[in-house]
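Participant: Got a structure for you, written out below as structure tokens; questions coming shortly.
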Amino acid sequence: MTVEIRKHICPYCGEMLDTADKLKGHVFRMHKGRGLPIPEGWIRLTVNRSEYNLKVEPKWTLNHLIHEVLGLTGSKQFCDQGACGACTMIVDGRPILSCMMLAIECDGKTVQTIEGIAAEGHPLIEAYTNHHAMQCGYCTPGFVVTSKALLDRVPDPTDDQIIEALAGNICRCGTYQQHIIAIKEAAAKVRVRKTAGKEET
Amino acid sequence: MKNFQHINAYSIDEAISLLRHYGDRAWIIAGGTDLLGKMKDAILPSYPEAVINIKTIPDLSYIRRSEGMLKIGPLTTLSEIADSKVVRSHYIALGQAAHRVASPQIRNMGTIAGNVCQDIRCWYYRNRNNRFPCLRKKGGRCYAIKGDNRYHSIFGGSVSGGCMAVHPSDTAPALIALGAKIRTSSRIIDAQDFFEVKPIKTTVLQTDEIVTEIQLPEFPSGTSSAFLKFALRQSIDFPVVNCAAVITAKDGKVEDARICLNAVHVVPYRAVQAEKVIVGNGLSEAIAEEAGQAAVARAKPLEHNRYKVAVARALVRRAILACAEGV
């Protein structure tokens with residue numbers, strides 16, 4: 001997708017300016033007390049290794065953008081108030097709640113969703129199905145994304161570290177015990193892969 | 001959410017001038033975990049015309065030692081503080097407090113200044129679509145006094161004797177006990193003078209003022225600190241009561257003590273009576289128990305929150321004993 005170059009026109013006097021920042025300064029100086037023009041809202045976003053140029057509305061959350069606009073429906077929106085962890089995504093290496101982050105503030109960021117983790121063939125997916133760490137499955141993408149961020153940081157987590165890292169995810173079916181088993185198995189597989197990769201090169 | 005104007009500020013001065021431009025029609029966004037909840041539920045009678053993003057201001061996220069102080073940038077996330085070596089070794093109470101806030105994901109987003117400046121969690125105030133126009137929204141009465149007040153103040157109310165909503169921050173009592181100073185764009189305020197109860201306001205910040213730094217003094221050797229939190233769940237929960245204590249002892253005698261409770265009063269509550277009990281004494285189980293009693297001697301619980309008095313007493317006692325282990 002390409003960004004077309006737009007002229008920035010003052011809504012009060014019609015003056016044309018080169019950049020959004022200049023327009024903002026112009027309205028600020030010349031039209032005291034008037035509302036500033038809504039900025040263009042174009043952001044650059046890397047989602048699962050694909051780059052996007054997107055026009056976003058200020059009120060959109062990151063979850064709305066990725067779930068409704070880009071159509072990646074893996075991450076769920078459940079509580080919509082930052083209390084359940086079902087919408088967790090990895091932004092710049094850290095797990096965050098996409099329902100509590102504005103899309104317009106994600107300019108230049110790198111996002112990984114559950115689809116990206118599945119496309120990598122990450123052992124977590126297999127371990128979660130093998131150990132049946134789910135019942136209804138609605139919370140599972142959030143859990144897998146959070147665990148993936150944990151394994152990136154801590155290759156060999158202890159039980160306590162896993163419990164600590166998953167403290168922000170809620171599973172109403174109560175499958176918590178299985179998560180620890182699944183994550184430990186996946187961690188072992190990731191370590192094997194890494195050493196195998198090193199030997200090949 | 002309704003739509004609004006979203007403006008990135010690239011310097012503190014720009015943020016301030018934008019705030020002056022809009023007056024109280026603009027809200028500041030940093031981590032956004034508190035603000036977006038407020039906007040989604042439309043809890044207030046007013047809705048912001050503009051949201052000013054301060055995450056785009058460079059160099060506001062740091063933890064560094066200089067001029068005999070530990071300086072923390074306002075945009076430092078809570079997980080950065082909880083993971084910081086210097087905080088964990090010298091400012092244990094702050095590290096533990098930052099670590100107990102909400103959930104790991106929220107700690108990755110939420111900032112220290114946002115945690116201090118967050119709004120109250122009273123369920124009447126927070127009810128959707130401004131269903132209860134209470135005193136904190138310039139309305140007529142406090143609905144908690146005759147309603148369900150199990151999580152409300154045990155030390156009386158404010159806003160002309162009314163509002164009973166407690167301040168929910170975890171890091172605020174730690175900062176107060178550690179004697180922190182909060183630098184804003186126009187002045188430096190002691191952390192314990194930072195909180196104020198007014199309609200749609202929890203701090204003394206003016207509409208065109210933002211927090212620019214948090215400064216912690218260095219402590220002499222023999223100082224230890226602790227933070228304890230009682231909540232219904234271990235994670236993703238606001239405190240029912242929390243308590244931070246900082247104690248300096250020499251030759252087995254307490255020279256200085258600062259104890260601060262939160263979620264028990266409309267602002268963080270410094271337990272001065274408990275401090276008086278332990279200063280000059282040794283740290284023992286009996287003294288800690290006496291201090292706990294003294295801390296809640298003036299409590300005036302409401303109909304449903306008598307249990308919080310016992311919780312506060314126990315937390316003060318345990319926080320003092322936790323410090324005693326570290327001295």
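Readers should treat all values here as calculations from the given coordinates under stated rules, not as data from a laboratory. Computed from a predicted model, the values in this text were never measured in an experiment. As a convention, Cβ positions derive from the backbone with ideal geometry for all residues, glycine included, and neighbour counts pool all protein chains shown.
Participant: Report the charge-dipole magnitude of the protein assembly as shown in Debye, nearest 20, computed about the Cα centre from +1 at each Lys and Arg Cβ and -1 at each Asp and Glu Cβ.
Facilitator: Taking the Cα centre of the protein assembly as shown as origin, the dipole is about 1400 debye.
Participant: In vacuum, with every alpha carbon of the stretch B:1-137 counted as one equal point scatterer, what does the Debye formula give for log10 I(q)/I(0) at q = 0.13, 0.17 Å⁻¹? Two decimals, please.
Facilitator: Values, matching the q order: -0.65, -1.01.
Participant: How far apart, in nm, are two points set 7 Å out from the Cα along the Cα-to-Cβ line at residue A:192 and at residue B:49?
Facilitator: Distance between the two pseudo-spin positions: 6.3 nm.
Participant: How much net charge surrounds residue B:260 when only the other residues with a Cβ under 10 Å from the Cβ of residue B:260 are counted, with Lys and Arg +1 and Asp and Glu -1?
Facilitator: Overall, the nearby charge balance is +1.
Participant: Here's a follow-up. Based on the alpha-carbon gyration tensor of the stretch B:108-252, what equivalent-ellipsoid semi-axes (square roots of 5 times the eigenvalues) come out, in whole Å, largest first?
Facilitator: Listed largest to smallest, the semi-axes of the stretch B:108-252 are 29, 19, 14 Å.
Participant: If N is the number of residues in chain B, what value comes out of its Cα radius of gyration divided by 2.2 N^0.38 Å?
Facilitator: 0.98
Participant: Sticking with this one: Arrange B:232, A:97, B:302, A:62 by Cβ neighbour counts within 10 Å, fewest through most, would you?
Facilitator: B:232, B:302, A:62, A:97
Participant: While we're here: Please identify, among A:148, A:22, A:189, the residue showing maximal mean-square fluctuation in a Gaussian network model of chain A using a 10 angstrom Cα cutoff.
Facilitator: Greatest mean-square fluctuation among the candidates belongs to A:22.
Participant: Oh, and also: Would you work out if the stretch B:179-255 is rounded, prolate or oblate? Take a ≥ b ≥ c from the square roots of the eigenvalues of the alpha-carbon gyration tensor; rounded if a/c is under 1.5, else prolate when a/b is larger than b/c, oblate otherwise.
Facilitator: oblate
Participant: Continuing with this model, one more query. Residue-wise, which Karplus ³J(HN,Hα) couplings in Hz belong to the stretch B:128-139, taking 6.51 cos²θ - 1.76 cosθ + 1.60, θ = phi - 60°, and x for glycine or proline?
Facilitator: 4, 6, 6, 5, 10, x, 8, 4, 6, 10, 6, x
Participant: Quick one: which residues, 5 or more positions from residue B:6 or on another chain, have an amide H under 5 Å from its amide H? H modelled 1.01 Å from N in the peptide plane, none for Pro or chain starts.
Facilitator: Distant-sequence amide H within range of residue B:6: B:51.
Participant: Here is a further query. Using only helices, what value at 222 nm comes out for the protein assembly as shown when you add -39,500 (n - 2.57) per DSSP H run of length 4 or more and divide by the total residues, to the nearest 500 deg cm²/dmol?
Facilitator: Rounded to the nearest 500, it is -9000 deg cm²/dmol.
Participant: Can you tell me which of B:240, B:86, B:166 moves the most in a GNM of chain B? Springs connect C-alpha atoms under 10 Å apart.
Facilitator: B:86
Participant: Here is the link list: B:2/B:38; A:24/B:181; A:32/A:109; A:24/B:137. Which ones come out longer than 23 Å on Cα distance?
Facilitator: Exceeds cut-off: A:24/B:181; A:32/A:109; A:24/B:137.
Participant: Right, next: Arranged by the count of other C-beta atoms within 10 angstrom, fewest first, what order do A:101, B:39 take?
Facilitator: B:39, A:101
Participant: Using the Kyte-Doolittle scale, which helices in chain B average at least -1.0 and also have C-alpha atoms spread 27 Å or more along the helix axis, with helices defined as whole DSSP H runs?
Facilitator: B:307-326
Participant: Considering the dipole of chain A built from charges on the beta carbon (Lys and Arg +1, Asp and Glu -1) around the Cα centre, which of A:144, A:50, A:106 is farthest to its positive end?
Facilitator: It is A:106.
Participant: Can you find, among B:293, B:173, B:17, the residue farthest towards the positive end of the dipole of chain B? Put +1 on the C-beta of Lys and Arg, -1 on that of Asp and Glu.
Facilitator: Selected residue: B:293.
Participant: Let me ask another. In a Gaussian network model over chain A where Cα atoms closer than 10 Å are linked, find which of A:85, A:41, A:168 has the largest mean-square fluctuation.
Facilitator: Per the Cα network of chain A with a 10 Å cutoff, A:41 tops the list.
Participant: Could you work out the relative contact order of chain A, using alpha carbon pairs under 8 angstrom and six or more residues apart, expressed as a whole percent?
Facilitator: 17
Participant: Rounded to a whole number of µm²/s, how large is the Stokes-Einstein D of chain A at 37 °C and 0.692 mPa s, given Rh as the Kirkwood radius over C-alpha pairs? Write out the running numbers ahead of the final one.
Facilitator: Values: Rh = 19.1 Å.
Calculated translational D: 172 µm²/s.
Participant: Any idea how far apart residue B:129 and residue B:42 come out in nm if each label point goes 7 Å out from Cα toward Cβ?
Facilitator: With each label point 7 Å from Cα toward Cβ, the separation is 0.7 nm.
Participant: Quick one: B:318, B:65, fewest Cβ neighbours within 10 Å first, how do they rank? Don't jump to the answer; show the numbers that get you there.
Facilitator: Details: B:318 17, B:65 12.
In order of increasing Cβ crowding within 10 Å: B:65, B:318.
Participant: What are the aspartates and glutamates whose alpha-carbon lies under 19 Å from the alpha-carbon of residue A:148, with same-chain residues fewer than 8 places away excluded?
Facilitator: Leaving aside aspartates and glutamates fewer than 8 places away in the same chain, those within reach of residue A:148 are A:92, A:115, A:120, A:126, A:156, A:159, A:160, A:164, A:185.
Participant: Under a cut-off of 20 Å between alpha-carbon atoms, report the aspartates and glutamates in cross-link reach of residue B:146, not counting same-chain residues fewer than 8 places apart.
Facilitator: Cα-Cα hits under 20 Å: B:303.
Participant: How far is helix A:20-30 tilted, in degrees, relative to the longest principal axis of the Cα atoms in chain A, given as a value from 0 to 90 rounded to the nearest 10?
Facilitator: For A:20-30 against chain A, the angle is about 40 degrees.
Participant: While we're looking at this one, here's another question. Would you mind classifying the protein assembly as shown by shape? Square roots of the alpha carbon gyration tensor eigenvalues, ordered a ≥ b ≥ c; an a/c under 1.5 is rounded, otherwise it is prolate if a/b is larger than b/c and oblate if not.
Facilitator: It is oblate, given that a/c is not under 1.5 and a/b is not larger than b/c.
Participant: Sequence-distant or interchain residues sharing an amide H contact under 5 Å with residue B:189, placed H: which?
Facilitator: B:182, B:183, B:184
Participant: Here's a follow-up. Within 9 Å, Cβ to Cβ, of residue A:126, how many net charges do the neighbouring residues add up to if Lys/Arg are +1 and Asp/Glu are -1?
Facilitator: That sum, taken over residues with Cβ under 9 Å, equals 0.
Participant: Right, next: Multiply the residue separation of residue B:88 and residue B:306 by 0.36 nm, subtract the distance between their alpha-carbon atoms, and state the gained length in nm to one decimal. Can you show the working numbers first?
Facilitator: Working: separation 218, 0.36 × 218 = 78.48 nm, distance 3.41 nm.
75.1 nm is the gain from fully extending residue B:88 to residue B:306.
Participant: A further question follows. Defining a contact as two alpha carbons under 8 Å apart and six or more residues distant in sequence, what relative contact order in percent does chain B show?
Facilitator: That works out to 17 percent.
Participant: Here's something else I'd like to know. Using the structure shown, select from A:189/B:55; B:85/B:253; B:201/B:229; B:40/B:300 the pairs with a Cα to Cα distance greater than 26 angstrom.
Facilitator: Over 26 Å Cα-Cα: A:189/B:55; B:85/B:253; B:40/B:300.
Participant: Given H placed on each backbone N at 1.01 Å, which residues far from residue B:198 in sequence or on other chains put an amide H within less than 5 Å of it?
Facilitator: Under 5 Å from the amide H of residue B:198: no residue qualifies.
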